[in-house]
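Below you'll find the structure, written out as structure tokens, and then a few comments.
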Amino acid sequence: MLFRLIQKVADLWFSKEEDRPVVFVYQGGKDKIVLSSLTPTQGEESKKRFICETVIERRANEKIRAGFERLGKGYYSDPEILEPKRAELERLCAKGEISGYDLPYDILPKNLLDYVQEMRNQLGTLSKRTVDTLRWRGGIDGPPNPFSESIAEWSFDGSRWNELPGRRSIRFRLRRGFDRSERAEALVQAKVEAEELEPLGHELLREAYAMCNMHPRSAFLLAMTSAETGIKQAIVALQPDTKWLVENAPSPDIVKLLRDYFPQIPPIKSLNGRILFPKKTILEPLKKCVQMRNILAHNGRFDRTAKETEEILDNIHDLLWLLDFYCGHDWALQYLDSECSNGLCEEVGIKKREFWRRAYG
């Protein structure tokens, strides 16, 4: 079977003398990438665009091939999978809620789902590696993700192409409104007048969230930097005489710092007289993150999705809020994830009512 991915490429150009397709052939001819320029529309001659067409040939067993044959004829799934969805669709029609309904990607048989996703992954990986290497060799600047619009297709013979099924999703974050209490407004004014900025760890994490969807690997690395920065700034805030050492010594294991060193530091604010970070929601996830970063530094491998990366960022956000609390800001407890606050109360040995009393004063 043949699979094809066609993508627009950003910030790529060829010299006029070489304005012809560039072809890369891999796997003895099974895989091919063609980079070519699009004919500009009238009035946009200066905005030359390029497309990257990636074609791979792969074997498919009888079940997978039969699944694609059904797709080619207009069938979307096996009856036993489709019937529950049909019932759901009929229920929505009866209630008048059909507007905006779309056939779900997950009603495909699982074996076909897995195969389709694997083909998409192979197409995307090969095309990005090729364009990234081409840009590096050519000294061409550009965004981390060089592609914009895309379409993926499949074919039995290379003449008739069908759209490859894909998952449509939307991710969003609920935004908090500013606390309009006199206490909150007074704190903002006092901090600004004292020229005390938002902690750098929070600034870096905000930037990591901004790039998480498009560039999860970079977001992860920046989030880890934000965690280290937040930890160092908290140590200096709680023990000012350590400033030179913290700023000049090599970074130690941050998990050991949180687990073994921080409990020895007298906090400005605390729930039971000492500093503690929940094992399940802070220490264990952060230990995994350190291991992931070490693997990434050695071989460049990072296989987390944008959603999974955002969950990592959320854990680091909890860490930064806890550091803020121990440095004297009671209100920071308000912003802890419920799982983190529950774990904290359990390990500290206080009731949730007392926790909220501290958080909201």
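Amide H to amide H distances under 5 Å link PHE147 with ALA10, where only residues 5 or more positions off or on other chains count and H is placed in the peptide plane.
Placing a label point 7 Å from the Cα of ASN145 along the Cα-to-Cβ direction, the residues of region 289-305 with a backbone N closer than 19 Å are 301-305.
Per-residue extension of 0.36 nm, minus the Cα-Cα distance of ARG301 and ARG65, leaves a gain of 81.8 nm for this segment.
Within region 346-361, whose backbone N sits under 16 Å from a point 7 Å along Cα→Cβ of ARG274? In region 346-361, the label zone of ARG274 (backbone N under 16 Å from the point 7 Å along Cα→Cβ) covers 346-350. Taking a point 7 Å out from the Cα of ARG49 in the direction of its Cβ, the residues of region 149-166 whose backbone N falls within less than 11 Å of it are 149-150. Temperature 10 °C, viscosity 1.306 mPa s: under these conditions the Stokes-Einstein estimate for region 182-360, based on its Kirkwood radius over C-alpha pairs, is 93 µm² per second. Among the listed pairs LYS256/LYS307; LYS269/LYS352; LYS30/LYS110; LYS243/LYS279; LYS63/LYS110; LYS110/LYS288, those whose Cα-Cα separation exceeds 21 Å are LYS256/LYS307; LYS30/LYS110; LYS243/LYS279; LYS110/LYS288. Length, then width, then depth: along the principal axes, the Cα atoms of region 279-338 run 41, 21, 17 Å. 3J(HN,Hα) along region 266-283, derived from phi through the Karplus expression 6.51 cos²θ - 1.76 cosθ + 1.60 where θ = phi - 60°, amounts to x, x, 6, 10, 7, 9, 9, x, 9, 8, 8, 10, x, 5, 6, 9, 10, 5 Hz, with x in place of Gly and Pro. The label-point distance for GLU346 and ALA184, in a model that sets each label 7 Å from Cα toward Cβ, rounds to 2.9 nm. Taking θ as phi - 60° and the Karplus parameters 6.51, -1.76 and 1.60, the scalar couplings of region 204-212 work out to 5, 5, 4, 5, 5, 4, 5, 9, 4 Hz in sequence order, x denoting glycine and proline.
Report the far tail of the P(r) of region 193-264, meaning the percent of Cα-Cα pairs longer than 16 Å.
Values: 1424 of 2556 pairs.
For region 193-264, the fraction of Cα-Cα distances above 16 Å is 56 percent.
Packing around the peptides 270-276, 320-326, 280-286, 56-62, taken as the average count of other Cβ atoms within 10 Å per residue, puts them in this order, highest first: 320-326, 280-286, 270-276, 56-62. Taking packing as the residue-averaged number of other Cβ atoms within 10 angstrom, the listed peptides 292-300, 222-230 run from highest to lowest as 222-230, 292-300.
No lab work stands behind these numbers, since they all come straight from the coordinates. All values reported here derive from a predicted model rather than from experimental measurement. Every residue, glycine among them, receives a Cβ derived from its backbone with ideal geometry; neighbour counts consider all protein chains shown.
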